[in-house]
Amino acid sequence: PLVMCVGPAPVAGVRRIVVCTPPDGAARIAAAADLLGVADVWAIGGPQAIGWLAYVERVDKIVGPGNDYVNEAKLEVSRDVPIDLPGGPSEVVVLGDGDPKLIELELAAQREHGHDAVCRAVDTLEEAEAIAPEHLVLLGDAEAYADRVRNAGTVFVGPWSPVAAGDYATGGNHVLPTNGWARSVGGLGLETFLKPVTVQRLTKEGLERIAPTVEALAAAEGLPAHAEAVRRRT
């Protein structure tokens, strides 16, 4: 997750990056962060890390996956600090009539993430879409559904596309929505660190053209100062 969280940020123009990681293995994470140009690394894990980022470091956004406790902490602080999405516990749904051994391997791989991982094989695309899983694997006849999937964090198609390949090497970001959030949001990416700022500049003639519309709508909403702000200029 470190590379997938940190990688897009500087490309998007983020100037300050703070990393929190559980103490166990923190030295390795710090070394990897250094290779990515990040020096601000704290050996803090769990909900405590979320609180540290939100109220001590006072970052502008918190991203990254975690367990149920981390997700609850992210949702709790989201009233004060924007978050990417609740990511975790891990989920995989397998659909299709592929090799039973491959199906079992995909389910077993996700179980390695913990006892609360969601690992299911389903019979129809409708069942898969209702779950809106983090990972959806399509095998056999179900491979034809790839272009029809709307609710999944990421889709792996065919017998040569294990989820583990996406974990480590395909290049797709693997910080993905769980708990049904794939119905409304996608995975972490460059756009996670971007925000639009609109700039509006009107000419005198342009304002005069739209003034009747503005004044009529302002009157309908009972906002006379809105109408007057336009009327005084035209």
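Where a number appears in this text, it was derived from the coordinates with a stated rule and is not lab data. Just so we're clear, the structure is a prediction, and the values are computed from it rather than from any experiment. Because the Cβ atoms are built from the backbone with ideal geometry, glycine has one as well, and the counts that use them run over all protein chains shown.
Taking 7 Å steps out from each Cα toward its Cβ at D34 and S184 produces label points 4.3 nm apart. Annotation: lysines with alpha-carbon distance below 19 angstrom to K61 (same-chain offsets under eight excluded): K74, K195. Rounded if a/c is under 1.5, else prolate if a/b is larger than b/c, else oblate: which is the chain, with a ≥ b ≥ c the root eigenvalues of its Cα gyration tensor? In terms of gyration-tensor shape, oblate. Entry note, the chain: relative contact order of 16 percent, from Cα contacts under 8 Å with a spacing of 6+ residues.
Among the helices of the chain, those built from whole DSSP H runs whose Cα atoms reach 18 Å or more along their own axis and whose mean Kyte-Doolittle hydropathy is at least 0.0 are 204-220.
Potential lengthening of the chain between A219 and E57 amounts to 53.7 nm, from the contour at 0.36 nm per residue minus the alpha-carbon distance. This model, with +1 at the C-beta of Lys and Arg and -1 at the C-beta of Asp and Glu, gives the chain a dipole about its Cα centre of some 1420 debye. With a ≥ b ≥ c the root eigenvalues of the C-alpha gyration tensor of region 91-174, is it rounded (a/c under 1.5), prolate (a/b larger than b/c) or oblate? Verdict is rounded for region 91-174. Sparsely packed loop sites in region 13-44 (the trypsin sites (Lys or Arg not before Pro) outside DSSP H, G, I, E and B with at most 11 other Cβ atoms within 10 Å) comprise R15, R16. When the trypsin sites (Lys or Arg not before Pro) in region 49-118 are filtered for DSSP coil states and for at most 13 other beta-carbon atoms within 10 Å of their beta-carbon, the remaining sites are R58, R79. Of the GluC sites (Glu not before Pro) found in region 177-224, those that fall in a DSSP loop while having at most 12 other beta-carbon atoms within 10 Å are E221.
Separation of region 53-102 from region 198-234 is 44 Å, based on Cα centroids. Simple spin-label estimate for D141 and E126 gives 1.6 nm between the two label positions (7 Å along the Cα-to-Cβ direction from each Cα).
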